[in-house]
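Here, each number is a calculation from the coordinates, and none is a lab measurement. Bear in mind that the values here come from a model prediction, so they are computed numbers and not experimental data. A quick note on method: Cβ atoms are made from the backbone with ideal geometry, for glycine too, and the neighbour counts reach across all protein chains shown.
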Amino acid sequence: MTRVNHKIRVPEVRLVDFDGSQVGVVPTSEALALARKRELDLVEVSAAARPPVCRVMDYGKYKYELGKKEKGKKSGQTRVKEIKFHANVGEHDYQTKLRRGLEFLEQGHRIKCSLYFRGRENDHREFGFDVLNRVIEDLKDKATAEQLPRMIGRNLVMLLSPIKTGGGSGRKKEEKTKEKAPAGESRA
C-alpha cells in the first residue's frame, strides 16, 4: 500500500520533485512542507530503498491514471459471447442471431453457440446438430470451429473463434480468379 503525506513516518526521505528532478536526501518534515507549498502530495514511491524514495505529485490524479491503465489492459482481452438457439428456430430469428454473432466476431470475440433441447426435442437431436452445422457453414469465412458441436447434458454446445486475417492474402486470391475468368471465356 502506498503511503502518502503524514503517513510517511521515517526521519529522512530521498525526494524527487514533481518535474522529475532529484532534490536529494531531506528531512520528511521539509519534504512535506515543500509538497504543501506546491499544493501537491508527498507520495512514497519506493519503500524498500534506504532512505525511502518519495515524490511530490498530485496523488488523486496518479490513482486515476493507474485505474485507467488497468481498464486499458482489460479492454484488449477477448471475451466469449454466447448465442442461444433452439432446434426449431425460425428463419428470421436464426438470421438475427447470426448477424449478432458476426458483430461479435468482427470485434474479436469468441462465440459459444448453445442449443437447449426441451421435451420431445430430445428425440430429434439431429435437428440441433443441423442448426449448429448451418452456423458453421454460414460463418466459415469469418470464424473457425474451435470446438465442434457436442452434447453436454441437454445442451448442444460449440465454440467459434474469429479468423485472423493475414496481410495481403486477399489480393492474391482476387488476382487468381481474374486470371482464370478470361481463360474460361475463350473456351466457350
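Structure values in brief
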| quantity | calculated |
| --- | --- |
| Note, ³J(HN,Hα) from phi for the range 38-44, Karplus 6.51, -1.76, 1.60, rounded to Hz, x at Gly and Pro | 8, 6, 10, 10, 9, 10, 6 |
| Nonlocal amide H pairs with Lys81, under 5 Å, H built at 1.01 Å | Arg110, Ile111, Lys112 |
| Qualifying GluC sites (Glu not before Pro) in the range 30-133, DSSP loop, other Cβ atoms within 10 Å at most 15 | Glu39 |
| Close Lys-Lys pairs in the range 1-76, where close means Cα under 24 Å and separation is 8 or more or interchain | 12 |
| Considering only the range 5-60, percent of DSSP beta bridges that pair antiparallel, nearest 5 | 75 percent |
| For the range 47-123 versus the range 126-146, the gap between their alpha-carbon centres in whole angstrom | 22 Å |
| Three-way shape call for the range 5-60 based on the alpha-carbon gyration tensor, with the a/c threshold at 1.5 | rounded |
